[in-house]
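The values are calculated or read from the model by the stated rules, or taken from the named source; none is laboratory data. Since we're looking at a predicted model, the values are computed, not measured. Here the Cβ positions follow ideal geometry from the backbone for every residue, glycine too, while neighbour counts run over all protein chains shown. In case anyone asks, the SASA skips ligands and DNA or RNA and just uses the protein heavy atoms, side chains included. Shrake-Rupley method; radii C 1.70, N 1.55, O 1.52, S 1.80 Å.
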Amino acid sequence: MDIVIAEADAIRTYRLARRQDATIRVEPAPEDPTDFSYGSSERFRACVLAPLIELGIIDEGSSVHLRFPHRKASRRVRGITGHLCTSKLPQGACWRVIPEDRKLAQALSSQGIRIFVDCPQLCVVYVAAQAQRTVTKSPLSRRVVPMARTIALGSEFCGTYALGAAKALGDLTAYGLEPLISVVELREFLSEAYGVDGLMVARGACEVIAGGQASPAEVALHAGLVLRPGMGGFHFERPATNQTLLPNESLQALLKHQNITPDLYWERYGLVIEYDGAVHFSADGVREDKRRVFDYQAMELVVLPATAEDIRTVDSFDAFARTVSRVMERVDGPSLRRRVNKVLADKDARICRSLLLSGIQTAL
């Protein structure tokens, strides 16, 4: 019997798998879901429901989202509280879920039970579709919020952090992880997919998502600077993100770090933005920040530190964007200042920035 965990439960599954104390691991699967053996609802309740609860993938008494590629399979699970999904799926649309507990893994294997999950790319499409269905407040909300939420999840899966699987239970964001997928893999999947709700929003978000970002705050900062004003940004030139700089040999002897990887970097402007999270306010963090600033200055780069306060409100973000634009004006001249002032004066653009910042930083 094969099952495919989908939608919200799939997102939760990946967040569980990225925890330090993970009870499961996930890996790409070569199987085609259309060839799976789905079994009966009775066998699911008898053999699969309890392991899913034990692994933390679902809570006891809650519904479970399952994916079924065709109607014939979906009819077999009548009586299960859940959601049936019948869209056509591209190759590689599921990953395998493997319990870390050997006894549980062997017990499932002996019963011929395999657990799969929507691939990360498909989860991104789901979030886009869900937001399109549920956001109805205003035309601006319907335009910006689906993009913001899709950028948020796509950046998380392509980044080095994972939000808590269940914030109500006190789960915290995990940092310093390996990305689940790359932006290239996300883009390739979206280009091959068709006939799936949310696809157009996901493709648009993919053009903004940057790989390797380390927190939702970094994602909000990046998106707010590069998206066009109608989507909540200032439409600045897109920076390089988390890419190692290569100073010449004469400079390397002066620098205090062998690897210099700024959060955001504009080579044309000689500008670096570094996001300083809570860890940076410790004594060691302050010393490290000073060493890092010394290196950037030795490379004749302007470095602007950003904090959570800079993206907390529209006013604080606008003030930070003005600082960024002043550095860029040295290269682009007063035309950039006029364009930024026009964005700042646009009431609808201001609402869009508020929607963007809150949409990205709100846990799904």
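So here's what we get for this one:
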read-out: Sulfur and carbon atoms: percent of accessible area, region 2-61 [1.4 Å]; value: 47 percent
read-out: Karplus 3J(HN,Hα) series, Hz, for region 20-29 with 6.51 cos²θ - 1.76 cosθ + 1.60 (x for Gly, Pro); value: 5, 9, 4, 9, 9, 10, 10, 8, x, 10
read-out: Burial ranking of peptide ranges 338-346, 260-268 (average Cβ count within 10 Å, highest at the top); value: 260-268, 338-346
read-out: Ranked by how many other beta carbons lie within 10 Å on average, peptides 300-307, 101-108 from highest; value: 300-307, 101-108
read-out: Protection proxy ranking of 331-337, 148-154, 211-217 - average other beta-carbon atoms within 10 Å, highest first; value: 148-154, 211-217, 331-337
read-out: Cβ-derived FRET efficiency at R0 45 Å, SER354 paired with LEU49, nearest 0.05; value: 0.60
read-out: FRET E, pair LYS342, SER138, Förster distance 25 Å, beta-carbon r, rounded to 0.05; value: 0.65
read-out: Cα-only Debye scattering, region 5-55: base-10 log of I(q)/I(0) at q = 0.14, 0.16, 0.30 Å⁻¹; value: -0.47, -0.62, -1.17
read-out: Under 5 Å, built H, 5+ apart or other chain: amide partners of LEU304; value: VAL272, ILE273, GLU274
